[in-house]
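Visitor: The following block contains the structure, expressed as structure tokens.
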Amino acid sequence: MKYSEGFRNAVLRKVLPPENRSAYAVAKEVGISPITVQSWLARVKDGSLELSGNASDPTPWQRGPAEKLKLLLEGKSLSDDARGEWLRQHGLHSEHLSLWEQELEGVVTDKQQDLKQENSQLKKRIKELERELGRNQAAMAEALALLTLKKKAEALFRQDEEG
């Protein structure tokens, strides 16, 4: 399988200084064969392959979720023929799109689970507050009844004393 120049350069930047990560770890991370990475590295060291492109360009893994979503939607809307050219222009590989889709699905799923948990906690809190409100209303009604009875009793005793 032929990888784009941008993809290859992004992988090699991870293996070469300043990152100096192992070829195996990087290969596993991006989903390619470690032998492929080692082959590219050997070609860089013997001078038959040069790293091109701007080192400050973000690698596929350095892109934020919003940019990944934008690129994923843009890439999914293209035909297979146009997608190949588009991937090369953006220094991506088709595997990036599927990995980003899984990553974003995971983010959405996690967010949904967090929202469900928060919703459940809020419902419990509402029930607690409603019970407390009911107890407070009952206590206030009882206090009002006692106050009313006290006033009636005082009025009756005053009438008895006067009469």
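The values are calculated or read from the model by the stated rules, or taken from the named source; none is laboratory data. Note that the structure is a prediction, hence the values are computed from the model and not measured. All Cβ positions, glycine included, derive from the backbone under ideal geometry; neighbour counts span all protein chains shown.
Visitor: Looking at ASP160 and the list (1) over 30 Å from TYR3 (Cα atoms); (2) of a type in the set (Asp, Glu); (3) touching a residue at least 12 places away in the same chain (Cβ under 8 Å), which single condition is not satisfied?
Guide: Going through the list (1) over 30 Å from TYR3 (Cα atoms); (2) of a type in the set (Asp, Glu); (3) touching a residue at least 12 places away in the same chain (Cβ under 8 Å), ASP160 breaks only (3).
Visitor: Out of SER52, SER56, SER48, I need the residue that is outside any helix (DSSP H, G or I), at pLDDT 80 or above and not aromatic (Phe, Trp, Tyr). Which one? Write out each step before concluding.
Guide: On the way: SER52 fails: at pLDDT 80 or above; SER56 fails: at pLDDT 80 or above.
Going through SER52, SER56, SER48 in turn, just one is outside any helix (DSSP H, G or I), at pLDDT 80 or above and not aromatic (Phe, Trp, Tyr): SER48.
Residues checked against (1) modelled with pLDDT under 80; (2) in a helix (DSSP H, G or I); (3) under 17 Å from the mean Cα position of the chain (by Cα):
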residue: ALA66; (1), (2), (3): yes, yes, yes
residue: LEU69; (1), (2), (3): no, yes, yes
residue: LEU78; (1), (2), (3): no, no, no
residue: TRP86; (1), (2), (3): no, yes, no
residue: GLU103; (1), (2), (3): no, yes, yes
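Visitor: Just a yes or no: is a residue in segment 19-32 in contact with a Pro (Cβ under 8 Å, 6 or more places away or on another chain), part of a helix (DSSP H, G or I) and of a type in the set (D, E, K, R)?
Guide: Yes - at least one qualifying residue is present in segment 19-32.
Visitor: From the set of residues in segment 62-87 that are surrounded by 15 or more Cβ atoms within 10 Å (Cβ to Cβ) and not small (Gly, Ala, Ser), which is nearest to ASN9 (Cα to Cα)? Before you say what the answer is, go through the steps one by one.
Guide: Going residue by residue through segment 62-87, those that are surrounded by 15 or more Cβ atoms within 10 Å (Cβ to Cβ) are 63, 68-69, 71-72, 75, 83, 86-87.
Remaining after also requiring not small (Gly, Ala, Ser): 63, 68-69, 71-72, 83, 86-87.
Values: ARG63: 15, LYS68: 19, LEU69: 22, LEU71: 19, LEU72: 21, ARG83: 20, TRP86: 17, LEU87: 14 Å.
The residue in question is LEU87.
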